[in-house]
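Enquirer: Sharing a structure, written as structure tokens. Questions coming.
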């Protein structure tokens, strides 16, 4: 779970790198959505970037905290919060996000 969350976060940051400096964040979805609204990306990227933002929200900062620290209020570890099915779903999200980011960055570097 932790690795999948980090992969999605970094995929979002890779796409953000096309727009310039990346802010310090565990939630690249916020910046992606703002830059889409500001039309800072070529329109051809719009749907891919929106999908990448959706995936980044699925495995956002709340998941980051829970995979690293668990639920401190209830005293539950990450291993108690997530099971194999959760990990499988997170892996599928991460694979899609990394694939999308690869296509976005690949296309963006050819345009420059």
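The values are calculated or read from the model by the stated rules, or taken from the named source; none is laboratory data. None of these values were measured; they are calculated from a predicted model. Using ideal geometry, Cβ is built from the backbone for each residue, glycine included, and neighbour counts are taken over all protein chains shown.
Enquirer: So which of 90, 97, 56, 14 is over 14 Å from residue 3 (Cα atoms), surrounded by 14 or more Cβ atoms within 10 Å (Cβ to Cβ) and touching a helix residue (DSSP H, G or I) at 6+ places or on another chain (Cβ under 7 Å)?
Expert: Numbers: 90 fails: over 14 Å from residue 3 (Cα atoms); 97 fails: over 14 Å from residue 3 (Cα atoms); 56 fails: over 14 Å from residue 3 (Cα atoms).
Exactly one of 90, 97, 56, 14 is over 14 Å from residue 3 (Cα atoms), surrounded by 14 or more Cβ atoms within 10 Å (Cβ to Cβ) and touching a helix residue (DSSP H, G or I) at 6+ places or on another chain (Cβ under 7 Å), namely 14.
Enquirer: Going through 95, 57, 80, 74 one at a time, which residue ends up being at pLDDT 95 or above and not in a helix (DSSP H, G or I)? Steps first, please.
Expert: Details: 95 fails: not in a helix (DSSP H, G or I); 57 fails: not in a helix (DSSP H, G or I); 80 fails: not in a helix (DSSP H, G or I).
Among 95, 57, 80, 74, only 74 is at pLDDT 95 or above and not in a helix (DSSP H, G or I).
Enquirer: Does the stretch 11-34 hold any residues that are free of Cβ contacts under 8 Å to residues at least 60 places away in the same chain, part of a helix (DSSP H, G or I) and within 15 Å of the chain's Cα centre (by Cα), and which are they?
Expert: Taking the stretch 11-34 first, the residues free of Cβ contacts under 8 Å to residues at least 60 places away in the same chain are 13, 16, 19-34.
Filter again for part of a helix (DSSP H, G or I), leaving 13, 16, 19, 28-34.
Listed by number, the residues that qualify are 13, 16, 28, 29, 30, 31, 32, 33, 34.
Enquirer: Here's another thing I want to ask about it. Could you run through the stretch 59-75 and say how many residues are surrounded by fewer than 13 Cβ atoms within 10 Å (Cβ to Cβ) and on the phi < 0 side of the Ramachandran plot? Break it down into steps so the answer makes sense when it comes.
Expert: We begin by selecting, within the stretch 59-75, every residue surrounded by fewer than 13 Cβ atoms within 10 Å (Cβ to Cβ); these are 62, 68-69, 72-75.
Next, from what is left, pick out any that are on the phi < 0 side of the Ramachandran plot: 62, 68-69, 72-74.
So the count comes out to 6.
Enquirer: Next question. Do we find a residue being over 19 Å from residue 105 (Cα atoms) and either surrounded by 18 or more Cβ atoms within 10 Å (Cβ to Cβ) or touching a strand residue (DSSP E or B) at 6+ places or on another chain (Cβ under 9 Å) (or both) anywhere in the stretch 30-50?
Expert: No, that holds for no residue.
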